[in-house]
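Below is one structure, written out as structure tokens; comments come after it.
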Amino acid sequence: MDLAGNHAAIRLPEGSWWDWDVVAWDCGRLTLAAGHDLAYHHGLELVFHAPLFVGCPSAFHDPAFRAPSPDEFTRLTRRLGCEPAVVVAFEADAGGQEPVSCLIAAERLDIVRETVLRYWRADAGPDQRYAPWVRPPGPAVGPAATA
């Protein structure tokens, strides 16, 4: 979408999405996770496919999503040499004296609402999945296991 199409602020599904962090980031995907408390699980993910530009902290709170300003969009387009399909802008509490302005550009955005466990549970339900770093308990592997 270009400026004439006015990149709109994203609309999140109903829920308590106060606590946010980066769950995964590689050359093809950036995933932000949200919930009311990320200690045990999260219930929302923003999955940015083919991220072109990412300007946000790795963890933040209470984001206020908005449409990117015309100036932000113009500067981003100049930097990238093209008009990105998705541009998400927001202000968030990153722990400092004032909110931080964030901007993410990508080829596509998927909003996924699903319970994602951040710890191992043998009795996880079929409507739950595990965060990428969660592994079932088992014998330790590596140098520390032999010490």
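If only the Cβ of Lys and Arg carry +1 and only the Cβ of Asp and Glu carry -1, the dipole of the chain around its Cα centre is close to 400 debye.
Computed from Cα positions, the angle between helix 70-80 and the longest principal axis of the chain comes to roughly 70 degrees.
With a/c under 1.5 counting as rounded, go ahead and sort segment 43-90 into rounded, prolate or oblate using the C-alpha gyration tensor (a ≥ b ≥ c being the square roots of the eigenvalues; past the cut-off, prolate if a/b is larger than b/c, else oblate). Here segment 43-90 falls in the prolate category. Looking at the square roots a ≥ b ≥ c of the eigenvalues of the Cα gyration tensor of segment 62-147, which shape do they give, rounded for a/c under 1.5, prolate if a/b is larger than b/c, or oblate? In terms of gyration-tensor shape, prolate. In this calculation the C-beta distance from GLN97 to ARG121 is compared with R0 = 30 Å, giving a FRET efficiency of 0.20. Rg and Dmax of the chain, based on Cα coordinates, read 17.7, 63 Å.
Annotation: amide H-H contacts under 5 Å for ARG29 (H modelled 1.01 Å from N, sequence separation of 5 or more, or interchain): ALA50. Surface exposure of the chain, expressed per residue as accessible area with a 1.4 Å probe, stands at 59 Å². Counting protein heavy atoms only, the chain has 53 percent of its accessible area on carbon and sulfur, 1.4 angstrom probe. Dividing the summed -39500 (n - 2.57) terms of all DSSP H runs of n ≥ 4 by the residue count of the chain sets its mean residue ellipticity at 222 nm at -2500 deg cm²/dmol. Mean separation of Cα pairs under 8 Å and 6 or more residues apart, divided by the residue count, gives the chain a relative contact order of 24 percent.
The values are calculated or read from the model by the stated rules, or taken from the named source; none is laboratory data. Keep in mind that this is a model prediction, so the values were computed, not measured. Don't worry about glycine lacking a Cβ; one is built from the backbone with ideal geometry, like all the others, and counts go over all protein chains shown. Just so you know, the surface numbers come from the protein's heavy atoms only, side chains and all, with ligands and any DNA or RNA stripped out. Shrake-Rupley method; radii C 1.70, N 1.55, O 1.52, S 1.80 Å.
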